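Visitor: Quick one: structure below, then a few questions.
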Amino acid sequence: MSTFVAADRVVDLPVERAFALFGDADAPGWLFGARCDRVVPGAAVSLHLPADGRGFGGDLWILGRFSRVTAGSVVEIEHTQPWRGRLVVRFRGVGPRRTRVVVQMTLPPSGVDWLMHRAGVPLPEPDDDRAVRIGTLSTMSGAGAVFAASSQAMAELAVAEVNADGGVAGRPLALLTADDATDPEQAAREARRMARLGCRAIFVNCTSASFEAARDALALTDVLLVHSVINEGGGETSRAIRLAERPRTQVEALIAPMMRASGARRWFLVGHSYVWSTGAHADARAAIARAGGHVAGERLAPIGATDFATVIEAVQASGADLLLSSLNGESEVAFQRQSQAAGLRETVQAASLVLDESTLSHIGERAAEGLRTALAYFQHGPADGNGELLSRYRSAHGPWAPPITTLSETVYEAIHQYARVLHRDPDGRAEGHGRALLTRTSAGCDAVGARTLVAPSLYTAVASRAELHIDDVVTTPPLPRAPRLVTGGVRRSPRSAR
């Protein structure tokens, strides 16, 4: 491993004051854009490091957790985004009123590869080791990195467990990784690269926009594509299947109960201007109408938007007393923090469709308090085998690894099920494997509990004291009609075409 200095600045503040401002988003002109609620071991933190002058194609957002804190002197951060590594921030006095702040980063081979690839240097091709290759396309950087923090770690855990159990048909399973950078065009390029390197299947832990781009890019290949995070559905083929929660069942679990509990009826919808929110809001409008409410307003923002002042003003002007957010990643973090700061939470009850433990940790305790969600998995949920999974995960990735979330647990289970399909049919084609995987994940997976990944039951939960607390009620959605799988080609759903 090697270490390089990522940033070195002098600020006109004494050491104690400079250290106290670390993570304070309201501190004007503070270096590195550091954001955190508390500077204590285990707390989530993000850091914005200038890297343009180093040839890496732009600034870096580092997402991680504090692993060591020495007040007034040093903080250490164990991070997973955009690669797994360690970062140290040191505060040193330069005279009585000035402080030198130095950021040092330990750069493992995965970090070197990521930086070189981002700078336009082709990645070296892996050696031919007879392994069966699969790929993960995850959001390791960009606005969506918040929700994908543990996806790569859980995929690695699944592959390690498959190999410890003998691999597939006598051959080891090898995992290739790629970063879509929250950019559909890059998702398409990376999907083609992994297909060229021989991946039999690619698990997409990204937005629907990136999934659609990857699906189109692989339309003429014999590669199975599996969308393993919350999505609106549509566009499935026998070589492109979609798992995990659907917004239709999420809004059914949230909207009517929130209206009954509060007596409120006026909703405001906030989301992104792409197919995920379009589909989710259509489902929400139908659920609101069935429950006797109405939609007082709607605003859609680009993926990655972080200024929601005008959106919050629109919510306040609408008279809405309930709000549904389909924002994700950094946008959801920014919106919820700004809503709390503007006092919106005092008059409007809010639910979020993509409020997993990782996103919650970056929103922070105060801004997340009272938010509601409905998801198929929570890290501290009651499912059989969940405690053992947490133990294996911490053993593999350490105490400061990001939380397991519904987005990462689904890809873990999906890889295990795909390995079983491969083991039974090692020479099969993507279409047959897709149908077999859909059958297995519809029947019920057994890694954590026994649940389907195609139409999972949902828990409702509320954020309180920096955790998501599951309600006593577990909602079991009706099974949707089986997706109409098309052999070959790409079939767009009406929503996907919008």
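Computed from the coordinates by the stated procedures, all read-outs in this text should not be read as laboratory data. Computed from a prediction, not measured in an experiment: that's the story for all the values here. Methodologically, a virtual Cβ is constructed for each residue, glycine included, from the backbone with ideal geometry; neighbour enumeration extends over all protein chains shown.
Visitor: For segment 214-265, max minus min Cα coordinate along each principal axis, in Å, sorted largest first?
Guide: Projected onto its principal axes, the Cα set of segment 214-265 covers 53, 14, 13 Å.
Visitor: Give me the number: length gained by fully extending LEU123 to ASP384, i.e. 0.36 nm times residue separation minus the C-alpha to C-alpha distance, one decimal in nm.
Guide: Details: separation 261, 0.36 × 261 = 93.96 nm, distance 4.07 nm.
Length gained, LEU123 through ASP384: 89.9 nm.
Visitor: Consider all pairwise Cα distances in segment 363-457 and report the whole-number % of them above 20 Å. Please report the intermediate quantities before stating the final value.
Guide: Working: 2110 of 4465 pairs.
Roughly 47 percent, once rounded to a whole number.
Visitor: Sticking with this one: Hey, could you get me the Stokes-Einstein D for the chain, Kirkwood radius over alpha-carbon pairs, 25 °C and 0.890 mPa s, rounded to whole µm² s⁻¹?
Guide: Details: Rh = 23.3 Å.
Translational diffusion coefficient: 105 µm²/s.
Visitor: For the chain, what is the mean residue ellipticity at 222 nm derived from helices alone (per DSSP H run of n ≥ 4: -39500 (n - 2.57); sum divided by total residues; nearest 500 deg cm²/dmol)?
Guide: On the way: 14 runs with 164 residues, N = 498.
About -10000 deg cm²/dmol.
Visitor: Label-point separation (nm) for ARG465 and ARG429, each offset 7 Å from Cα along Cα-to-Cβ?
Guide: 5.7 nm
Visitor: Taking Cα pairs under 8 Å and at least six residues apart, what relative contact order does segment 322-386 come out at, in percent? All intermediate terms of the calculation are to be shown ahead of the outcome.
Guide: On the way: 66 pairs, mean separation 24.0, N = 65.
Worked out over segment 322-386, it gives 37 percent.
Visitor: Once amide H atoms are placed 1.01 Å from N in the peptide plane, what residues at a sequence separation of 5 or more from GLY235, or on another chain, have their amide H within under 5 Å of its amide H?
Guide: For GLY235, whose amide H was placed from the backbone, the distant partners under 5 Å are SER493.
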